[in-house]
Amino acid sequence: MPTIASKPLAVALAIAAWVWAVCGGALGAEQAEVRDGGRWKSVSVRTLADLRGYRPQEVRLDKYGGLESGPRLPATGFFRTQHVGGRWWLVDPEGRLFLSVGLCSVNLSMFGKGDAEKAFGDRDAWAARTAAMLREQGFNTLGRWSEAERFRRLAEPMPYTTTLSIMSAYAKQRDPKNGERGFPHECQPVFDAEFETFCDRFAERLAEAKAAPWLLGHFTDNEIPFRPDALRNYLKLPKTDPGYRAAAAFLASRGRGPDQMTGADEADFLTLVAERYYGTVVKAIRKHDPNHLVLGSRLNGRNISDAVFRGAKALDVVSLNYYHRWSADQAELNRAAALSGRPVLNSEWYANVDEANAGYLVKTQRDRGLFYTNHALSLLENPNCVGWHWFKYGTHVDKQFRPHTPMTDLMQQVNRNIYALAACFMQ
């Protein structure tokens, strides 16, 4: 079995002996250069060298990347979640503790036609070499938008996720009698009577994947709107729109009109929207694939809120595209888990040296690795986080498919020590 550098885990002796405490460590001497408001500034970084009581040592991994030298939990043949020893974990098909360390968009969309064939011989060879590279760097999951089918055919597959877009697909083909297609005023058409039937038909395709052990789970959508001003926005829809009718009935049930709504009304209505969306898509997915995790809709920006967390109880994992945080906001992650009753996955984040949309702009590839190190440690520090998926393969390697080693060397130090670091934070 493969091994990684790690620290002896008390959990291997008895789960009951695990206690939560902070490994800690103040920000050290390392600095990264980050663009902020048109100027470059130095930002402090926490690295493995700054952690108190941390010592690497070899541990065994199973074929999925789970902790073979840790405790053995009931094996179901599929990935699942469990709260163990004071923190949330994923559990792999063999019953081993698992943290998902993924890379998004492991595909060839950023490369020219024929580039993979020229470099590797064919695309299957590209997939095999890429999977080996990712494992060497400590990655154990293919994130959203990856060529999962090609990697599934390998002699040594990797855990992977799906790329579903259920609400997005429905909004594009919505019956005009209900209202405008898409997301008018950033409103999801969750109140359409046809939405539930559409979800059921959409999820029929998942039946063929229900026996797949390497499938980590399903992302239901990507960055669909859950705006804090949803109630006001639904009331801007035409009065014939089912969304308008639902919003007006919601306020009327509280004895108020549009000019009398309160902050509590807005939050509660947003929770209702989230419950309607997540409840409907999860029901459809589980009807056709009862075996795999439902990972959520990859919330981003203003769509990340307590009201949405309260409406996300139908999920197995709450996924966040977690930008604009140099370190994870521990209180925010804790609220997400407490309000939803579910663990949290950072499903997308990045820093880049050439351009930055949602992510940070940094000066060098090493600065990217330092940001990764600092943020990943803050995620491991949180007992509700079950992993992260870095964005993305097209900026992970250069045009000749060579990894940016000043970045990936630092990534590897964290990735190959995830279980040791989790244990360090739990001592």
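Any read-out appearing in this document is the output of simple, stated calculations on the displayed coordinates, not a laboratory observation. None of the values given here were measured: they were computed from a predicted structure. For neighbour counting, all protein chains shown are included, and Cβ atoms are generated from backbone atoms with ideal geometry for every residue, glycine included.
Brief remarks on what is shown
- Computed over region 275-402, the Cα gyration tensor eigenvalues convert (square root of 5λ each) into semi-axes of 29, 17, 12 Å, ordered from largest to smallest.
- Likely footprinting exposure, 200, 192, fewest C-beta neighbours within 10 Å first: 200, 192
- Sorting 392, 236 from the fewest to the most surrounding beta carbons within 10 angstrom yields 236, 392.
- C-alpha long axis of helix 405-415 to longest principal axis of the chain, angle in °: 80 degrees
- Think of the chain as a dipole: +1 on every Lys or Arg Cβ, -1 on every Asp or Glu Cβ, centred on the Cα centre; then among 76, 295, 104, 76 lies furthest on the positive end.
- DSSP assigns beta bridges within region 67-170; of those with both partners inside it, close to 75 percent run antiparallel.
- Helix 242-253 axis, angle to the chain major axis (alpha carbon atoms, nearest 10°): 80 degrees
- Under a 5 Å amide H cut-off, with hydrogens placed 1.01 Å from N, residue 389 pairs with 102, 346, 347, 348 among residues at least 5 apart or on other chains.
- Taking a straight Cα-Cα cut-off under 17 Å and skipping sequence neighbours fewer than 8 places away in the same chain, the aspartates and glutamates within cross-link reach of residue 172 are 180, 186, 192, 194, 196, 200, 221, 223, 241.
- The ranking of 34, 414 by Cβ neighbour count inside 10 Å, starting from the fewest, reads 34, 414.
- Working note: 222 nm ellipticity from helices only, DSSP H runs with n ≥ 4, each -39,500 (n - 2.57), summed and divided by the residues of the chain, gives -9500 deg cm²/dmol to the nearest 500.
- Ordering 154, 88, 410 by Cα displacement along the dipole of the chain toward the positive end leaves 88 in first place; charges were set at the Cβ atoms of Lys, Arg (+1) and Asp, Glu (-1).
- Between 61, 140, 250, the Cα set farthest toward the positive side of the dipole of the chain (charges on each charged residue's Cβ, about the Cα centre) is that of 61.
- Pairs with C-alpha atoms separated by more than 28 Å, drawn from the list 118/363; 363/392; 113/392, are 118/363.
- Taking Cα atoms only, the orientation of helix 365-380 departs from the longest principal axis of the chain by about 70 degrees.
- When +1 charges are put on Lys and Arg Cβ atoms and -1 charges on Asp and Glu Cβ atoms, the dipole computed for region 96-426 relative to its Cα centre reaches about 220 debye.
- Compactness of the chain, taken as the C-alpha radius of gyration over 2.2 N^0.38 Å, stands at 1.01.
- Within region 96-426, DSSP assigns beta bridges of which about 5% are antiparallel (rounded to the nearest 5).
- Remark: relative contact order (the chain) = 21 percent; criterion is Cα-Cα distance under 8 angstrom and separation of 6 or more residues.
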